[in-house]
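Following: one structure in structure tokens, then a few remarks.
The values are calculated or read from the model by the stated rules, or taken from the named source; none is laboratory data. Since we're looking at a predicted model, the values are computed, not measured. Cβ coordinates were reconstructed from backbone atoms using ideal geometry, including for glycine residues, and neighbour counts include every protein chain displayed. SASA here: full protein model, heavy atoms, side chains in, ligands and nucleic acids out. Shrake-Rupley method; radii C 1.70, N 1.55, O 1.52, S 1.80 Å.
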Amino acid sequence: MMLLNESLDVIRISAMWIVLLLLCYGVSLRLARLLKQHIIAHPIVITTSLMLFLSQFINTDVNVVMDYLDPVAYLLGPLTVGLALPVYNQLAVLRQLGFKVLIPILLGGILAPLSSYSVLYVLGAEYSWQMTMLTKSITTPFAMDTATMLGGIAGLAAVFVIITGIVGVMALPILNRVLRINEGKVNGLVLGTIAHGIGTAKAVQLSEQAGAFASLALCVNGITTAITLSVLLG
Amino acid sequence: MQPTHSHPSRGVIFLEHCASIAVLLGVFECGALLSQWIPLPATINGVFILLGLFVVLGQVPGFIRRTIPQYLSHMSLFFVPAIMAVWLFQDDVITHWLSLLLALVGTTILSMVVVMWLSHRLLKSS
């Protein structure tokens, strides 16, 4: 009976945190609209800041809050599977373009992690940090597993992946202006290859075409990284 | 287009959402199961399974076409729990701020420039 009461308590507190998360997300969407979708007002940044503030305000350990939000974290997996829809919708275009799409994805997929790894190596960061950095351009759940496999730190891998994604999303409009390139296909490839899931989420908002190319880049990048790593580990 | 398709009742919309969520959860779990033999993450296996289903069917079932885009537009929300981990590493991040700035911001932008320029050149000629 006591065990049942304890589980009910966990469910109740978990539900409370999920409701708070949804409220924070609602506020961040409103704010983003008010600030005309300015990069600083990205819902991910605002929602996370509000949730961290709330956890400190209520005096609850962030680790504990993350545990209570586990159901939301789990749903990221099935949701990512839904990216098959934009890929399918653009399948004919993708089949026609072939290697013209694959080359930038493969190059970006190698360049992004290797260049950041090299920076940490040259600056003499710890081995575990270097290994963690290698995973920064893969989707979060996979990056965490791979980091552990390579002798890195799983939690830190999530942080690197997320920061990379946010930097990618924030830098895109600036690069669009500086390089004078602003095409749905190109934006999709850049976001999916470099900024993984967060970039793909942004691409889906930009246009159906950008979403499809980003989803494709995300999948191809995941596969090539898996192959590269299995070669490295084998 | 038939009027029943453009204005489905609330009950139908609810059932469509239930069906879509069931499909996504089912396919994701199949992907996770496959991960035991194929060294790819469950999500990527899942994307290929669902894509394969669409190709075999020759079309995307209407309930999926109507619901999934709504979920995808709110994908950002589902990253928040993982991002909150930033807080746990704040001391490390402050200590290594310069290396991190260079490794995360500098190289990310550099890679974006390369991919953007290259894909623009390659796709322009097509």
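Summary of values
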| read-out | value |
| --- | --- |
| Boolean, A:I163 is open to solvent by 30 Å² or more (accessible area, probe 1.4 Å), facing chain B (nearest Cβ under 7 Å) and free of Cβ contacts under 8 Å to residues at least 40 places away in the same chain | yes |
| Filter pass, A:L106 being assigned to a helix (DSSP H, G or I), among the hydrophobic types (A, V, I, L, M, F, W, C) and farther than 27 Å from B:L123 by Cα | no |
| Options B:S99, B:S20, B:S76; residue that is over 21 Å from the mean Cα position of the chain (by Cα) and open to solvent by less than 30 Å² (accessible area, probe 1.4 Å) | B:S99 |
| Helices (runs of 4 or more DSSP H) lying entirely in region A:1-101 (those with 3 or more residues that are under 24 Å from A:G168 (Cβ atoms)) | A:2-34, A:43-57, A:70-81, A:84-89, A:91-97 |
| Per-region count, region A:114-140, residues more than 7 Å from chain B (Cβ to nearest Cβ), assigned to a helix (DSSP H, G or I) and crowded, with 24+ Cβ neighbours inside 10 Å | 1 |
